[in-house]
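Written below as structure tokens is the structure these notes are about.
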Amino acid sequence: MTYNIHKGFNWNQRKYLLSNMKELVNFSKAQIVCLQEVVGLNHAYKEKGYIDSQLEYFADMTWPHFSYAKNSVQASGHHGNSILSEFPITNWSQKNISTNLCEQRGILFCQIVVPTEYTGLPDVILNILCVHLDLFSKGRNQQYEMIYNYVLNLNLLDTDPLIIAGDFNDWNLQSNLFFENKLNMTESYHLIHKIHAKTFPSFWPQLALDRIYVKNLRVLGAEVLTNNNIQNPSDHLPVVINVELNGT
């Protein structure tokens, strides 16, 4: 699952709906979740009685393994990317990929081990990048190259499973050309439905900003997640995919 939680607020920042977002994540039954715009600390939130340690709030008793990387730091606190996992996270790192002073962006990388007792296969290591990219194409083009170089420096084998998920802000639908041609990856929702998942704005989704690219995994399904029983919490809708491991 990938989900930009908008720091806990709804689309117009008038309602703090973090509990709704947590309910939607739990409703998804996803075993690995990539989150963007997660508040790690915010003194103004505390003064208003809001939960500001959002990663811990999401993880709670549900997610035994999690990681967080700051993208943006202000006087009041910081926010960034997070990965929640049902399976052990054995390695993690972060990289700043900001291209301008107005947008602080980053990569959170985790290696997650899916154990043999779960799948019946030898232990499978999933390499996962949670990303949040620029609003403008010039910056995103630079960030595509940064992601490419970052993946190259991981020294992965050709058969290693790789997932790059997050808020790509790719309103002009250019990222597929890069990730398919340079990293030999497939966008999951597009593979299944032949169109990109429209996820923004959540109350009337018109733009396909949120993606999950995969390599060496078989995509069985992909959907934009909604639940009529849960008030639309964020300005983005989450994307959930179902993949099959091949045991390599």
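The values are calculated or read from the model by the stated rules, or taken from the named source; none is laboratory data. Only a predicted model underlies this, so the values are computations on that prediction, with no experimental measurement involved. Because the Cβ atoms are built from the backbone with ideal geometry, glycine has one as well, and the counts that use them run over all protein chains shown. These accessible areas exclude ligands, DNA and RNA; they are computed on the full protein's heavy atoms, side chains included. Shrake-Rupley method; radii C 1.70, N 1.55, O 1.52, S 1.80 Å.
Determine the alpha carbon to alpha carbon distance for each of Lys22/Lys95; Lys7/Lys29; Lys15/Lys194; Lys7/Lys215; Lys29/Lys95 and list only those over 24 Å. From the list (Lys22/Lys95; Lys7/Lys29; Lys15/Lys194; Lys7/Lys215; Lys29/Lys95), the Cα-Cα distance tops 24 Å for Lys22/Lys95; Lys15/Lys194; Lys7/Lys215; Lys29/Lys95.
Of the trypsin sites (Lys or Arg not before Pro) found in the stretch 165-240, the ones in coil according to DSSP and having at most 10 other Cβ atoms within 10 Å of their Cβ are Lys194.
For Asn81, what charge total do you get from the other residues with a beta carbon under 12 Å from its beta carbon, if Lys and Arg give +1 and Asp and Glu give -1? Here the charged neighbours net out to +1. Per residue, the chain exposes an accessible area of 47 Å² to a 1.4 Å probe, with every protein chain left in place.
Other residues whose C-beta falls under 14 angstrom from the C-beta of Lys198 contribute a net charge of -4, scoring Lys and Arg +1 and Asp and Glu -1. Taking each residue as 0.36 nm, the span from Glu23 to Thr186 lengthens on full extension beyond its C-alpha to C-alpha distance by 55.8 nm. With 0.36 nm allotted per residue and the present C-alpha distance subtracted, the Ala44-Ser76 stretch has 10.9 nm of extension available. Other residues with beta-carbon under 13 Å from the beta-carbon of Leu129 carry, at +1 per Lys or Arg and -1 per Asp or Glu, a net charge of +2.
Computed over the chain, the per-residue total of -39500 (n - 2.57) for DSSP H runs of n ≥ 4 gives a 222 nm mean residue ellipticity of -6500 deg cm²/dmol, rounded to 500. Residues whose amide H lies under 5 Å from that of Leu207, counting only those 5 or more places away or on a different chain, are Thr199, Phe200; hydrogens are built 1.01 Å from N in the peptide plane. Applying a 4.7 Å Cβ-Cβ cutoff to the chain leaves Cys102, Cys110 as cysteine residues with no disulfide-compatible partner.
Carbon-plus-sulfur fraction of the accessible area of the stretch 124-173, 1.4 Å probe, in percent?
On the way: 1230 of 2110 Å².
Accessible surface attributable to carbon and sulfur in the stretch 124-173 totals 58 percent.
Quick check: residue separation of Asn153 and Asn91 times 0.36 nm, minus the Cα distance between them. What number comes out in nm?
Values: separation 62, 0.36 × 62 = 22.32 nm, distance 1.47 nm.
Contour length minus Cα-Cα distance gives 20.9 nm.
Derived from the Cα gyration tensor, the three semi-axes of the equivalent ellipsoid of the chain are 26, 21, 19 Å, largest first.
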